[in-house]
Amino acid sequence: MDRRAWTLLWGLALVWGGSYLLIKIGLDGGFEPVFLVFARLALAAVVLGVVAARRNALAPLRGRLGPLVVLGLIQVAAPFVLITTGEQHIASSLTGILVASAPIWTALLVMGGIGGEARLDAWSLTGIGFGLVGVAMLFGVDLTGSGDELAGGLMVVLAGLGYGGGAIYLRRHFLGVPPVGVAAGSMAVSAVLTLPWAAFQLPSAAPDAGAIAAVAVLGVFGTGLAFLIYYTLIAAVGAARAGIVAYLAPGFALAYGAVFLEEPVTAGGVGGLVLILAGCWLAAEGRAPWQPRPVPAAGTA
């Protein structure tokens, strides 16, 4: 990757890693979870919709409303609601670490035959094992305070499962559709899906200025522009290299929580992060770090 690609990648990790901090500020400042998610999605839909319209990327979505609703539900609306609701009970840094387990769930779904790419090599299985041990460490060390903390952690893990399933669904149903168009459409559909529940969570009093600013930044930058950067990277350097952000963002989430919210950096949190990221790498690559990446045969996609 060239310098521009690396700059975009680090910038994306910086923004996405801060999303959990912004969610926590919004919750503490007076927003209810589903209303916060709706506001975030609506702002992101506006940003991405403008970009997609200028690039004529919305027309290919015609006739795909059903698949778009399913994608929005499993990869955007449900995970966002689960993460935001779960973060009411756990630290923002821990949320960022648990979300990083999403590639583990993707590998499990694929190996279970969902997606038609079953691959049961030893290194991938080892990576899944590492990731699951990392998640178990977080639950055993950092989520032992109350039932609410345990429930919050489980919600975030389920969100990671939704991200994994959504990635598979995206590949199966939206090949050839401009990514920025899919992103804009899924954000708009997800905003509509969350609207009925958000209407029941209108704030009883105006949230404080800091919370409003946090949600605005989360919607415009942490969701809208972040997805735009992500899909720009996919187009420039490919999905595999763009996916490196999954290894960088949790570290920023951990640092943001410690610096701005005085969240503790525990041995369980660091150990769980290392195991989850190592597991994600092994599950995705299917090889040891010292082994060279296999070269695809000529004519294969």
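Taking the range 154-178 on its own, how many of its residues are under 16 Å from the mean Cα position of the chain (by Cα) and not small (Gly, Ala, Ser)? The qualifying residues number 10. Every condition in (1) farther than 23 Å from THR7 by Cα; (2) surrounded by 15 or more Cβ atoms within 10 Å (Cβ to Cβ) is met by GLY210 except one, and the failing one is (2).
The set of residues in the range 1-48 that are in contact (Cβ under 8 Å) with a residue 12 or more places away in the chain, in a helix (DSSP H, G or I) and of a type in the set (Phe, Trp, Tyr) comprises TRP10, TRP16, TYR20, PHE35, PHE38. Within the range 235-244, is there a residue that is under 14 Å from the mean Cα position of the chain (by Cα) and of a type in the set (Gly, Ala, Ser)? Yes, the conditions are met somewhere in the range 235-244. For the residues SER186, SER204, the requirement of being hydroxyl-bearing (Ser, Thr, Tyr), part of a loop (DSSP other than H, G, I, E, B) and either farther than 21 Å from LEU9 by Cα or under 16 Å from the mean Cα position of the chain (by Cα) (or both) singles out SER204. Counting only helices (runs of 4 or more DSSP H) wholly contained in the range 225-285, the ones carrying 1 or more residues that are modelled with pLDDT under 80, surrounded by 21 or more Cβ atoms within 10 Å (Cβ to Cβ) and among the hydrophobic types (A, V, I, L, M, F, W, C) occupy 239-242, 245-260, 267-285.
The numbered conditions (1) part of a loop (DSSP other than H, G, I, E, B); (2) surrounded by fewer than 16 Cβ atoms within 10 Å (Cβ to Cβ); (3) of a type in the set (Gly, Ala, Ser) are all true for GLY129 except (1). Scanning the range 1-47 for residues that are basic (Lys, Arg), within 18 Å of the chain's Cα centre (by Cα) and either surrounded by fewer than 24 Cβ atoms within 10 Å (Cβ to Cβ) or within 16 Å of SER92 (Cα to Cα) (or both) turns up just one, LYS24. For the condition in contact with a Gly (Cβ under 7 Å, 6 or more places away or on another chain) and either part of a helix (DSSP H, G or I) or not small (Gly, Ala, Ser) (or both), LEU154 does not qualify. Between a first residue in the range 158-173 that is over 8 Å from PRO79 (Cα atoms) and a second residue that is assigned to a helix (DSSP H, G or I) and among the small types (Gly, Ala, Ser), which pairs have beta carbons less than 7 Å apart while being 6 or more apart in sequence or on different chains? The qualifying pairs are GLY164/ALA102.
Within the range 1-46, the set of residues being farther than 21 Å from TYR256 by Cβ, of a type in the set (A, V, I, L, M) and at pLDDT 95 or above comprises VAL34, LEU41, ALA42, ALA45, VAL46.
Contact map, the range 192-206: first residue closer than 14 Å to VAL81 by Cα and surrounded by 13 or more Cβ atoms within 10 Å (Cβ to Cβ), second residue among the acidic types (Asp, Glu) and modelled with pLDDT of 90 or more, Cβ cut-off under 7 Å, separation 6 or more or different chains; pairs are GLN201/GLU32.
The set of residues in the range 11-36 being closer than 17 Å to ALA213 by Cβ and among the β-branched types (Val, Ile, Thr) consists of VAL15, ILE23, ILE25.
Among the conditions (1) of a type outside the set (Gly, Ala, Ser); (2) under 26 Å from ASP2 (Cβ atoms); (3) touching a residue at least 60 places away in the same chain (Cβ under 8 Å), the only one that TYR231 does not satisfy is (3). Taking the range 49-105 as the region of interest, the helices (runs of 4 or more DSSP H) fully inside it that hold 2 or more residues being surrounded by 19 or more Cβ atoms within 10 Å (Cβ to Cβ), out of contact with any Ser or Thr (no Cβ under 8 Å at 6 or more places or on another chain) and at pLDDT below 95 are 92-99.
Applying a threshold of 8 Å to beta carbon distances and a minimum spacing of six or more residues, or different chains, the list of pairs starting in the range 256-277 at a residue that is farther than 10 Å from GLY134 by Cα and ending at one that is not aliphatic (A, V, I, L, M) and not in a helix (DSSP H, G or I) reads TYR256/GLY18; GLY257/GLU263; ALA258/PRO264; THR266/ASP142.
The values are calculated or read from the model by the stated rules, or taken from the named source; none is laboratory data. Everything quoted here is computed from the prediction, not taken from an experiment. Every residue, glycine as well, gets a Cβ built from its backbone with ideal geometry; the counts of neighbours run over all protein chains shown.
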